[in-house]
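Following this message is one structure expressed as structure tokens.
The values are calculated or read from the model by the stated rules, or taken from the named source; none is laboratory data. This structure is a prediction, so every number in the text was calculated from the model and none was measured. Every residue, glycine as well, gets a Cβ built from its backbone with ideal geometry; the counts of neighbours run over all protein chains shown.
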Amino acid sequence: MLLCVVVGLLLLVVGASTLTRPAAPVAAQVRPDAPTTSAPGPAPPGAAPSAGAGPTATADPSRKVVEGRLDGVFVADRGPGSYAGADVSVPTSADSGRLYRVDVRVEDGLGLDPDVVARAIGRTLDDPRSWRSTGRARFSVVPLGQRADLHAYVVTPGTTDRLCAPLLTRGEVSCRAGDKVVLNAKRWVLGADAYGSDVDEVAAYREYLVNHEFGHALGRSHVGCPARGRPAPVMLQQTKGLQGCTANPWPSVTRG
């Protein structure tokens, strides 16, 4: 009789635990190994949306590495629309070409360090394989508050849509709008299928994202894949696919 009472009590405890455990939220989460992309609508001349959701993004995605893959990294669908500016300088090492000064803003609540983001953008733009390789442009990142020609934003998908309007980014891609280079934090953190979701692959995708959107700031338009198996031009919308080319983040590889 005593044994039956004990078993009955155990079943009640287990049953209560099962019934009261909250369900894990899934609707707002985006897995880094399955990013989704949507084709943007047609863009008016002079700017184009480009292939560049859970409460926060991880400031350093490498801290969430599981067997070489990003795990448990999320980006909010929408943010407050306020920004923290980077307070670092990344001067150009190039000595030819028009100088563009760039400041960097990161939307509040993303969990991304603006100075870390600014250094990543500056390193990419000052790489000899970037647009400085043309001899016609060079970029220096300056602290917020100094004179700047271009303004880089890393923001939530919802804020991307607002800053890029009337271009249709649909929460998925990035754009250049006037003097704003708007980088979708969803793409910055998670990358894109064309590059993969390993840490090094996401880092390479960020280089592509920066070079592609700043290419628009230099007046470059979208192009297609020149031939199957060739490196993709950086102005190919690689976020949406490679059209038979191979992933390539650098302008100097294909000159376009």
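Taking the residues in the range 171-182 that are in contact with an Asp or Glu (Cβ under 8 Å, 6 or more places away or on another chain) and among the small types (Gly, Ala, Ser) as candidates, determine which candidate is surrounded by the most Cβ atoms within 10 Å (Cβ to Cβ).
This residue is 174.
Filter the range 73-114 for residues that are surrounded by fewer than 20 Cβ atoms within 10 Å (Cβ to Cβ), hydrophobic (A, V, I, L, M, F, W, C) and part of a loop (DSSP other than H, G, I, E, B) and give the result.
88, 94
Need a quick list: strands (runs of 3 or more DSSP E) entirely within the range 142-216 having at least 2 residues that are modelled with pLDDT of 95 or more and closer than 16 Å to residue 85 by Cβ.
The qualifying strands (runs of 3 or more DSSP E) are 150-155, 180-184.
Provide a single number: the residues in the range 224-240 that are out of contact with any Ser or Thr (no Cβ under 8 Å at 6 or more places or on another chain) and surrounded by 16 or more Cβ atoms within 10 Å (Cβ to Cβ).
Number satisfying all stated conditions: 3.
Kindly indicate whether residue 249 is part of a loop (DSSP other than H, G, I, E, B) and closer than 20 Å to residue 116 by Cβ.
yes
Provide a single number: the residues in the range 125-136 that are part of a helix (DSSP H, G or I) and over 20 Å from residue 146 (Cβ atoms).
Looking only at that region, the number is 4.
To continue, here is another question. Given 185, 192, 118, 152, which one is more than 20 Å from residue 238 (Cβ to Cβ) and buried (at least 24 other Cβ atoms within 10 Å of the Cβ)?
Checking each option against the conditions leaves just 118.
Within the range 214-226, count every residue that is of a type in the set (Gly, Ala, Ser) and either touching a Pro at 6+ places or on another chain (Cβ under 6 Å) or more than 20 Å from residue 195 (Cβ to Cβ) (or both).
3
Same structure again: Does residue 113 fit the bill of being within 24 Å of residue 177 (Cβ to Cβ), charged (D, E, K, R), within 18 Å of the chain's Cα centre (by Cα) and at pLDDT 95 or above?
In short, no.
Go through the range 121-137 and count every residue that is surrounded by 22 or more Cβ atoms within 10 Å (Cβ to Cβ) and of a type outside the set (A, V, I, L, M).
5
Take residue 117 and decide whether it is assigned to a strand (DSSP E or B) and of a type in the set (Val, Ile, Thr).
So residue 117 fails the test.
The conditions are (1) over 18 Å from residue 154 (Cβ atoms); (2) among the basic types (Lys, Arg); (3) buried (at least 18 other Cβ atoms within 10 Å of the Cβ), and residue 206 fails exactly one of them. Which is it?
So residue 206 meets the others, but not (1).
Another one. Consider residue 124 carefully, then state whether it is polar (S, T, N, Q) and under 15 Å from residue 103 (Cα atoms).
The answer is yes for residue 124.
Conditions: (1) closer than 24 Å to residue 150 by Cα; (2) surrounded by 22 or more Cβ atoms within 10 Å (Cβ to Cβ). Residue 168 meets all but one. Number of the miss?
For residue 168, the exception is condition (2).
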